[in-house]
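S.K.: Below is one structure. I have some questions about it.
The values are calculated or read from the model by the stated rules, or taken from the named source; none is laboratory data. Worth saying up front: this structure is predicted, and the values here are computed from it rather than measured. With ideal geometry, Cβ positions are generated from the backbone for all residues, glycine too; neighbour counts draw on all protein chains shown.
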Amino acid sequence: MTTRVIQSLIIALSLFFLQATAAELSIPVAQVSESPVAVLSQKIEGVQRQQTILTEEIIGYNKKQHTLLSQQKKVTAAVLDAEKNRGKAQNQLDHQFKAILNDPSTDITATQSKYQQSWQSLQDRQMEKLLISQSLAEQIAIITSSKKRQTSLSHKLAQLKELKKGARVKRIEKELTFNDSVDVSHTVTCDLNMTLTECAEQGKILTMQKAVRVFKSKLISSLTESSLAKVHVDNVSFNIHVINSQTLKNEFKGSRNFVTQIQAEMRSHPSNIAACQLLELKDSYCVEPKSRSISITTDNNYTSSKKWLSVTIRSNVYDDRVIIDGVDYGSTPMNVMLPSGSHKFKISKKGYQTYQRYLTIDRDQTVWTELYELKRNDGWQTSAVTP
C-alpha cells in the first residue's frame, strides 16, 4: 500500500514539474518586441522568485518531516509498550484458563476484557505507526522532488545569466558602433617664436584632439550601461575615425590667442574585445566582428583619413615638458589623442638628457620615458607599452 502511494505521488509531482518547466521556457508573444536583455532579466527575476518560494517550501517540508520523525519515534515506543501490555494480558488470560480447569466457576470476564483492550490498543498503535510511516515516505518523496526542482532552477538560472551576458555584449557592440557630428572650439596661446602658420596648425591639431575627446565622451554617455563603462573606458580602444570635417573659425583673438572651431563627423570602430572590457566580462564572450568596408571622406579645411588613438605618456621625473609634433602639451603624466602614424616626441627637463624620437602610433599605447641627469652622462631609455 505504502509503495503504491509513493509511486503515485512521484508520478503526479513529475507531471506537475514538467508542465511548469515547459511554461517557463516559453516566451510570451508580448515579449518579442522587448530587448533580449530586458526579456532575460525578467526571466531571471522569475526564476529567482521561484527559487525563493521553493526554498521556503522546502524549509516547511523539512519541518514537517522532523515532526513526523518525532511522532514516529513516539509511536514506535507506544507500540512496544502496547505489545508488552498485550503480552501481560495474554499471560493473565492463560492463567485464568488454567484456573477454569480446576474450578469451572472461575470468572474470567474482567481478564478477557483487559486482554481485548490491550489487543485493541496494540492494533491502534500499529495503525498509527503505519499512517505516520506513509506520511513520512510521502514527505521524503516531496522533499526529493523539490530538491531536484531546486537543482533544475539553479541550472536554469545559470544558463539565463550566461545568455544575458551574451545579450549585453551584443547590445553594447551595436551601441559602440557610433556615428555622430561634434562642433568644438579651442583657443591656444601662440609662442612668440611661432609663425602664423605654425600657430594655426597647432590650433587645428589641438582642436581636433578636443573634438575626438568630446566624441568619445558622447559615445560613452550614450551606452545603456554607461556607468559601468566609464569605470573601464581608459583601457579600451575605440578606434575613432574622422569621416569628414570642416573648419568653421580660424582666427586670432587678441594679440596671441588663436581660436579654431571645427565641425567633424566621426565614427567609432572599437576593438573586438571592447564590449567585454567595458562590461567586466571575459574576452571569450566577445566574438570577432565581421569585416567592415570603411569609406573616409575629407575636405580641404582639415584632412584626416586616419583613426585617432589614445596615447598615455609617463616619465620618471616631475615638471618635465612634452612636445609632440612641435605642440607643447605640458608635463607628464598625460593622455593625448593622436592620429595614427609617425609622430615626433620630445620630453625634456632642465638638467636632464632630452628624449627625442619618432614613434609610429598604430594602436592605443603607453609611452614610458626615463630621463637621466646630465651629470650621469648615460643617456635615456624609453619603452612603449601596448595594452
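S.K.: Which of the numbered conditions does residue 138 fail, given that it passes all the others? Conditions: (1) in contact (Cβ under 8 Å) with a residue 24 or more places away in the chain; (2) surrounded by fewer than 16 Cβ atoms within 10 Å (Cβ to Cβ); (3) assigned by the TED database to the domain that holds residue 85.
M.R.: (2)
S.K.: I'm trying to understand the selection: among the residues of segment 99-111, which are in a helix (DSSP H, G or I) and loosely packed, with under 10 Cβ neighbours inside 10 Å?
M.R.: 101, 102, 109
S.K.: Now for a separate question. So residue 156 fits all but one of (1) surrounded by fewer than 17 Cβ atoms within 10 Å (Cβ to Cβ); (2) in the same structural domain as residue 48 (by the TED database); what number is the exception?
M.R.: Tallying (1) surrounded by fewer than 17 Cβ atoms within 10 Å (Cβ to Cβ); (2) in the same structural domain as residue 48 (by the TED database), residue 156 fails exactly one: (1).
S.K.: Go through segment 201-254 and count every residue that is part of a helix (DSSP H, G or I) and either of a type outside the set (Gly, Ala, Ser) or farther than 26 Å from residue 272 by Cβ (or both).
M.R.: Total satisfying the criteria: 25.
S.K.: A further question on this structure: Contact list please: Cβ distance under 9 Å, first residue in segment 100-115 and farther than 26 Å from residue 84 by Cα, second residue assigned to a helix (DSSP H, G or I) and of a type in the set (Lys, Arg), pairs at least six apart or on different chains.
M.R.: Close Cβ pairs (under 9 Å, with a partner that is assigned to a helix (DSSP H, G or I) and of a type in the set (Lys, Arg)) do not exist here.
S.K.: Taking residue 87 as the residue in question, decide whether it is farther than 30 Å from residue 139 by Cβ and either in a helix (DSSP H, G or I) or within 54 Å of the chain's Cα centre (by Cα) (or both).
M.R.: Spelling it out, residue 87 is indeed farther than 30 Å from residue 139 by Cβ and either in a helix (DSSP H, G or I) or within 54 Å of the chain's Cα centre (by Cα) (or both).
S.K.: Scan segment 309-327 and report the pairs whose first residue is closer than 27 Å to residue 269 by Cα and whose second residue is surrounded by fewer than 17 Cβ atoms within 10 Å (Cβ to Cβ) and of a type in the set (Asp, Glu), with Cβ atoms within less than 8 Å and a gap of 6+ or a chain change.
M.R.: Close Cβ pairs satisfying both conditions: 309/362; 310/234.
S.K.: What pairs come out if I take residues in segment 239-261 that are free of Cβ contacts under 8 Å to residues at least 24 places away in the same chain and pair them with residues that are surrounded by 13 or more Cβ atoms within 10 Å (Cβ to Cβ) whose C-beta lies under 7 Å away, six or more apart or interchain?
M.R.: 251/259; 252/258
S.K.: Follow-up question, since we're still on this one. Going through segment 286-326 one residue at a time, which ones are at pLDDT 55 or above, on the phi < 0 side of the Ramachandran plot and part of a loop (DSSP other than H, G, I, E, B)?
M.R.: Those that are at pLDDT 55 or above, on the phi < 0 side of the Ramachandran plot and part of a loop (DSSP other than H, G, I, E, B): 286, 287, 306, 316, 317, 318, 320.
S.K.: Against the condition assigned by the TED database to the domain that holds residue 153, within 60 Å of the chain's Cα centre (by Cα) and under 23 Å from residue 148 (Cα atoms), how does residue 130 come out, does it pass?
M.R.: In short, no.
S.K.: When the residues of segment 275-285 are filtered to those that are surrounded by fewer than 16 Cβ atoms within 10 Å (Cβ to Cβ) and assigned to a loop (DSSP other than H, G, I, E, B), which remaining residue is farthest from the chain's Cα centre (by Cα)?
M.R.: 282
S.K.: On the given criteria, is residue 378 surrounded by fewer than 16 Cβ atoms within 10 Å (Cβ to Cβ) and at pLDDT 65 or above?
M.R.: no
S.K.: Any residue in segment 184-204 that is under 26 Å from residue 215 (Cα atoms) and in contact (Cβ under 8 Å) with a residue 40 or more places away in the chain sitting within a Cβ distance under 6 Å of a residue that is in a loop (DSSP other than H, G, I, E, B) and small (Gly, Ala, Ser)? List the pairs, counting only those 6 or more apart or interchain.
M.R.: none
S.K.: Output the number of the condition that residue 179 fails; it satisfies all remaining conditions of (1) farther than 30 Å from residue 266 by Cα; (2) in contact (Cβ under 8 Å) with a residue 40 or more places away in the chain; (3) within 32 Å of the chain's Cα centre (by Cα); (4) surrounded by fewer than 17 Cβ atoms within 10 Å (Cβ to Cβ).
M.R.: With (1) farther than 30 Å from residue 266 by Cα; (2) in contact (Cβ under 8 Å) with a residue 40 or more places away in the chain; (3) within 32 Å of the chain's Cα centre (by Cα); (4) surrounded by fewer than 17 Cβ atoms within 10 Å (Cβ to Cβ) applied to residue 179, the lone miss is (1).
S.K.: Just to be sure, is residue 151 out of contact with any Leu (no Cβ under 6 Å at 6 or more places or on another chain), crowded, with 19+ Cβ neighbours inside 10 Å, part of a helix (DSSP H, G or I) and not aromatic (Phe, Trp, Tyr)?
M.R.: Answer is no for this residue.
S.K.: Moving to a separate point now. Can you tell me how many residues in segment 223-247 are modelled with pLDDT of 90 or more and either among the aromatic types (Phe, Trp, Tyr) or touching a Ser or Thr at 6+ places or on another chain (Cβ under 8 Å) (or both)?
M.R.: 0
S.K.: Is it the case, given these coordinates, that residue 114 is within 30 Å of residue 68 (Cα to Cα), assigned by the TED database to the domain that holds residue 71 and assigned to a helix (DSSP H, G or I)?
M.R.: Here the answer is no, as residue 114 does not meet what is asked.
S.K.: Any residue that is of a type in the set (Asp, Glu) and either in a strand (DSSP E or B) or free of Cβ contacts under 8 Å to residues at least 24 places away in the same chain (or both) - is there at least one of those in segment 265-274?
M.R.: Yes, segment 265-274 contains a residue that is of a type in the set (Asp, Glu) and either in a strand (DSSP E or B) or free of Cβ contacts under 8 Å to residues at least 24 places away in the same chain (or both).
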